[in-house]
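Read through the structure below, which is laid out as structure tokens, and then see the notes.
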Amino acid sequence: MLEDKKFVKEIQSMEEDYSRWYLDIVKKADLMDYGPVKGTMIIKPYGYAIWENIQKDLDRRFKETGHENAYFPLLIPESYLQKEMNHVEGFAPEVAWVTQGGNEQLEERLVVRPTSETIICSMMSQWIQSYRDLPMKLNQWANVMRWEKSTKPFLRTSEFLWQEGHTAHATFEEAEEEALTMLDVYKSFVEEVLAMPVIKGRKTENEKFAGAVHTYSIEALMSDGKALQAGTSHHLGQNFSKVFEIQYSDKDNKLQYVHQTSWGVSTRLIGGLIMTHSDDRGLALPPKVAPIQVVIIPILRKDKEEVKNKAHQIKDQLSQLGIRVKVDDREEMTPGWKFNEYEMRGVPIRIELGPKDIEKEQFVLARRDTGEKEFLSLADLTKIIPAKLDEIQQNMFNKAEQFLKTHTFEANSIDEMKEQLLKEKGFIKSWWCGDITCLDKVKEETGATARNIPFDQREGQGKCICCGKESTTTVIFARAY
């Protein structure tokens, strides 16, 4: 048996220290470790399995909407980045440079990609010649580097994993449709698979992507009342195509510049997943993204082989249904230790099975989301488990959605916003006149930023939260990660 000191250790309370609680979760649930370079992390197998499940589902959705995967170089010549000045200015503080190759100084500095618009645009200018080449819909699964000053695992690291979609279209309208379509893809994925409710909208001018005509986003609310940008989709217009000479001959044989989009989500979704669903008992994972959906713990007090065999028989039955199942029949650890371990790791369903259960043709089912336990018939196993997984998935979304609703407030002045943020953080709906200086003042005085202009707008009109001018536009504000 393991010594008591090796038993699953307590996690810092969310209420006492949210930041410490988060770090305890990512470490004790065995999701990651720290890299040797400041701001980098090593994603461990369990954490990477979550990312693989995210990848798999999103990749299917991308392909269903007509996109193809490609891969582009990690290193980008400085001259490429310099071509689009708004773009380079937006990323300049975060760029990592390569100045030497082997023992030789490079004639031109190379950028470790912070994003790939410039390299992909340079290739599109060679690949696109005619209207027959359009639309071009590409996606890349890759790593990127942004030299962050303040870092936190998954949420903000100097190197992270993501996907970035890049498309070229004949018209402004087609590009606009693409940008909105991909935003919908992100929203449906995040809500259906990660069980995270989001607010969909357009970013304000001061918050949009550098070089974009406009940016759309989905914004999620974490359990501490702070916002997390869960995905973005950018309509780039012709800003990059004119710089990189991406032209095509239309049906009248006239040269036209393409209209472009780019869109992406990253491993910060794992951070969002943690902060949306987890608690003081550890990680909590929605079944659709959990690496292990069901863990079977045989109670090995007597008739060990019979119990082990039955556990593996159950695993085989569930695996045939496409359910991700693990049997933990290690004898050196107590059942109680295992219960705590898999609760810590967020496994949605735990099946407990002992000799008496086999005699009674039953099993014990424990739910991670509610902590409830019940005795159920082994004969109905293949019907019960899929239904319970669906129920848990929906329950986790409903709980998060209720939290978002009860933590979305209204404020009609900066003072009201300050007062609300002192009481309880969350999304704050306010009227806004459209002047960026008003947003700057709100941020300066409250620490809250405009997350987006929601598509679902309030009816009527009101007075700008900052200057008091009449307004018909509502903005969602929040303090954010």
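Listed values, structure above:
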read-out: Average projected area [Cα convex hull, region 366-481], square nanometres; value: 9.8
read-out: Chymotrypsin sites (Phe, Trp or Tyr not before Pro) restricted to region 43-138 and DSSP loop, no more than 11 other C-beta within 10 Å; value: Y71
read-out: Members of K38/K208; K63/K149; K38/K63 lying beyond 31 Å, as alpha-carbon distances in this model show; value: K63/K149; K38/K63
read-out: Kyte-Doolittle at least -0.5, axis length at least 24 Å by Cα - qualifying DSSP helices, the chain; value: 172-192, 381-406
read-out: Correct option for Cα extents along the principal axes in Å [calculated from the coordinates] among [x] 73, 55, 44; [y] 88, 50, 35; [z] 80, 55, 49; value: [z]
read-out: Heavy-atom accessible surface of region 118-259: percent carbon and sulfur, 1.4 Å; value: 45
read-out: Average accessible surface area per residue within region 11-106, 1.4 Å rolling probe, Å²; value: 55
read-out: Within the chain, percent of DSSP bridges classed antiparallel, to nearest 5; value: 85
read-out: DSSP-assigned coil residues among GluC sites (Glu not before Pro) in region 11-118, each with at most 11 further Cβ atoms within 10 Å; value: E15, E16
read-out: Loop sites in region 356-388: GluC sites (Glu not before Pro), DSSP, at most 14 other Cβ within 10 Å; value: E361, E372
read-out: Portion, in percent, of the accessible area of region 340-481 that falls on carbon or sulfur, probe 1.4 Å; value: 45
read-out: Solvent exposure of region 179-230 as accessible area per residue, Å², 1.4 Å probe; value: 25
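The values are calculated or read from the model by the stated rules, or taken from the named source; none is laboratory data. Please read these numbers as outputs of a predicted model, since none were measured by experiment. With ideal geometry, Cβ positions are generated from the backbone for all residues, glycine too; neighbour counts draw on all protein chains shown. The area values use the complete protein model at the heavy-atom level, side chains included, leaving out ligands, DNA and RNA. Shrake-Rupley method; radii C 1.70, N 1.55, O 1.52, S 1.80 Å.
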